[in-house]
Amino acid sequence: MNYAPPRRSDGTQQQFRHKLPWPKDKPFRILSIDGGGIKGVLPASILAELETRFLNGQSIANYFDMIAGTSTGGIIALALSKGTTAHQARDIYLERGRHIFPVHKGWKKIAQKLGWLFQIKHDQERLKNELLRVFQDKRLDDAEVRLVIPAFKGTHGEPWIYKTPHHPDFTKDRTEKMAHVALHTAAAPTFYASVENDGYTMVDGGLWANNPVMNALVDALTCYDLDPHQVRILSLGTGDTLLSTKGVKNGGLRKWISPAYLRGKLPLVFEVAVKAQSHNANGQAGLLVGKPNFLRLDAAEGSNPIEIDDVERACTELPTVARHVVEGSGHRIQEMFLQEEAVGFVKNTAA
């Protein structure tokens, strides 16, 4: 019999969590960042624009009490938590994106996409080495802001959320290396192989929480003595794509599960699931905290969306899109989130 490690959910406590105090006159500010591969250029650029226009270049992470991120959003969240500015996080994508997602031309490009039918599309070692370069030996215990990073445990088929030790109940993840957490949350199926971790098989958190806003909100409300209306949320997308109406209406099995390989697209069923999860999460979060306390920023991509590994288009187009987004919403963001710095959290010191 093959050994299977225990379920992470086996350790779920069976009583109400003790809520830590939170000042009644102080908002709890959450930054949530969606997954989306190289399209992480968009949220990173939005945050970088905000740093330039309103914070004199200082890190925007100083103004949030919690940051949640899935996949590419998880990489940005982890980077911000260790003191990296959004400018520096954005430049990782702009300067190293072509190394992580090599741009092939001619017959090599066609061969790569055809080969995607039978094997993963990209070399995970490139991403892994880049994450090790960025995060080095930093661990979740080194984070300067509370983190919520979804992944998926393929061994038992259950959600997995990495968290900083910002509550006495959170003892499991503090020694996890940031580079490993980033690799786990970003192991997008078909693009990268799953990652083995102490007997567990880790896969991209986007499978169940590509938009992690509700993961963060639930964590905040169960860890701290908060009225929901004290919570303010800035939720950042990586591009709002239009679905194939023809495929949704009339598509058979081929339409729903077969990617258009030569165009590098994901299966329609995956696109629909990700979009539905995101809209539902945003709706639930807005209802709980109140619409005035919830701000979602994204960009409509129309009929020609940028694919999650299209480095050339992402790095060329999305910084400009981000500037337009901030021009339209920057002052509201400043009023809601950037009036005063967040107070650092007390880390649980339990082993």
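Across region 106-138, which residue is surrounded by the fewest Cβ atoms within 10 Å (Cβ to Cβ) among those that are outside any loop (DSSP other than H, G, I, E, B), at pLDDT 90 or above and not acidic (D, E)?
Here the answer is R133.
Restricting the search to region 76-105, which residues are of a type in the set (A, V, I, L, M) and either closer than 23 Å to C223 by Cα or open to solvent by less than 30 Å² (accessible area, probe 1.4 Å) (or both)?
The answer is I76, A77, L78, A79, L80, A86, A89, I100.
I'd like to know if region 291-302 contains one or more residues that are over 18 Å from the mean Cα position of the chain (by Cα), at pLDDT below 95, under 21 Å from S32 (Cβ atoms) and open to solvent by less than 40 Å² (accessible area, probe 1.4 Å).
Within region 291-302, one or more residues are over 18 Å from the mean Cα position of the chain (by Cα), at pLDDT below 95, under 21 Å from S32 (Cβ atoms) and open to solvent by less than 40 Å² (accessible area, probe 1.4 Å).
Looking only at region 190-207, decide whether some residue is charged (D, E, K, R), touching a residue at least 12 places away in the same chain (Cβ under 8 Å), open to solvent by 20 Å² or more (accessible area, probe 1.4 Å) and part of a loop (DSSP other than H, G, I, E, B).
yes
Restrict the check to region 215-227 and report whether at least one residue is within 13 Å of the chain's Cα centre (by Cα) and at pLDDT 60 or above.
Scanning region 215-227 turns up at least one residue that is within 13 Å of the chain's Cα centre (by Cα) and at pLDDT 60 or above.
Within region 320-338, track down each residue that is of a type in the set (V, I, T) and surrounded by 13 or more Cβ atoms within 10 Å (Cβ to Cβ).
V321, V325, V326, I333
Would you confirm, using the coordinates I've provided, whether L243 is in contact with a Phe, Trp or Tyr (Cβ under 6 Å, 6 or more places away or on another chain), within 28 Å of E317 (Cβ to Cβ) and modelled with pLDDT under 90?
no
Just checking, which of E341, E317 is touching a residue at least 60 places away in the same chain (Cβ under 8 Å) and either surrounded by 17 or more Cβ atoms within 10 Å (Cβ to Cβ) or out of contact with any Lys or Arg (no Cβ under 9 Å at 6 or more places or on another chain) (or both)?
Residue meeting the stated conditions: E341.
Can you pull out the residues in region 178-189 that are part of a helix (DSSP H, G or I) and open to solvent by 20 Å² or more (accessible area, probe 1.4 Å)?
H180
Do any residues in region 66-85 that are assigned to a helix (DSSP H, G or I) have Cβ atoms under 8 Å from those of residues that are aromatic (F, W, Y), where the two are at least six apart or on different chains, and which pairs are they?
What qualifies is L78/F135; A79/F135.
I'd like the residue in region 42-58 that is closer than 17 Å to A342 by Cα and open to solvent by 10 Å² or more (accessible area, probe 1.4 Å) and, out of all such residues, is farthest from the chain's Cα centre (by Cα).
N56
Would you mention how many residues in region 139-177 are over 30 Å from P21 (Cα atoms) and open to solvent by less than 40 Å² (accessible area, probe 1.4 Å)?
Going through region 139-177 one residue at a time, the tally reaches 3.
When you scan region 276-286, do you find a residue that is over 18 Å from S235 (Cα atoms) and surrounded by fewer than 19 Cβ atoms within 10 Å (Cβ to Cβ), even just one?
no
On the basis of being open to solvent by less than 20 Å² (accessible area, probe 1.4 Å), within 24 Å of A143 (Cα to Cα), touching an Asp or Glu at 6+ places or on another chain (Cβ under 7 Å) and not small (G, A, S), does L236 make the cut?
Working: open to solvent by less than 20 Å² (accessible area, probe 1.4 Å): yes; within 24 Å of A143 (Cα to Cα): yes; touching an Asp or Glu at 6+ places or on another chain (Cβ under 7 Å): yes; not small (G, A, S): yes.
Yes; evaluated as a whole, the condition is true for this residue.
The values are calculated or read from the model by the stated rules, or taken from the named source; none is laboratory data. Remember, it's a predicted structure, so these values are computed and weren't measured experimentally. Glycine also receives a Cβ, built like all others from the backbone with ideal geometry; neighbour counts cover every protein chain displayed. Surface areas here come from the heavy atoms of the whole protein model, side chains and all, with no ligands, DNA or RNA. Shrake-Rupley method; radii C 1.70, N 1.55, O 1.52, S 1.80 Å.
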